[in-house]
Structures are given as C-alpha cells and as structure tokens.
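FYI, it's all coordinate maths here, none of it is from the lab. The structure displayed is predicted, hence computed values, not measured ones. FYI the Cβ positions are ideal-geometry reconstructions off the backbone, even for glycines, and counts take in every protein chain you see.
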Amino acid sequence: MKKLAALLALPLAIGLAACSPKAQNETADAITADANATMSEATKDVDAAGDRALGGMDNAVDTVGNTIDDATAKGKEKASQGLRDASNAIDR
C-alpha cells in the first residue's frame, strides 16, 4: 500500500513543482485533507471490525460458560441421584 501511495505521489510532486507557490499549497492542503479523511475512514472500519470480532468472542464465551453451567448442574443431579440410589440399596 505504501509503495502504491509513493508511486501515485511522484507524479503529483512533479506536477506541483511546475505550479505557483499558492497552487502548490492549495494542492498540498487538498492532498493532506484527502489523506486524513481516508485514514479516518480506515480507522473507523478497523474499529468496527474489532468490535464485531470481540462481540462474537463474547457470545462464544457466554455459550461455553452456559454449557459448562448446564453440565455441572446435570452432573450434580446425577451424582445426588446416585447417592440416593446407593443409600436406598444399603437400607434394604
């Protein structure tokens, strides 16, 4: 990406050299404003992608936590039932 930007900037720089100082400043200001706007959009896009990725990870962690909680509850119930069954067998 940097190489492409450098290749595109070269003809602009050559063109600017032939312009008046006022035209050079205006062109440089326009290029700077465009670059800043592009970087701002890129930053927003990266932030949005990061938010989506973290949201997905959050959901996955919640799902795993819920699955573990369910399995633990079922395991406790099975263990309790096993102890009750063993106690009943001993009492007979």
Exercise. Under 17 Å from the Cα of LYS78, which aspartates and glutamates turn up, not counting those fewer than eight places away in the same chain?
Worked result: ASP69, ASP70
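Which order do peptides 71-80, 27-36 fall in by mean Cβ count within 10 Å, highest first?
Taking the mean over residues of other Cβ atoms within 10 Å, the ranking is 27-36, 71-80.
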For this session: Work through the residues other than ASP85 whose Cβ is under 13 Å from its Cβ and net out their charges, Lys, Arg +1 and Asp, Glu -1.
Result: +1
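Please report the net charge: other residues with Cβ closer than 15 Å to the Cβ of GLY55, K and R +1, D and E -1.
So the surrounding residues net to -3.
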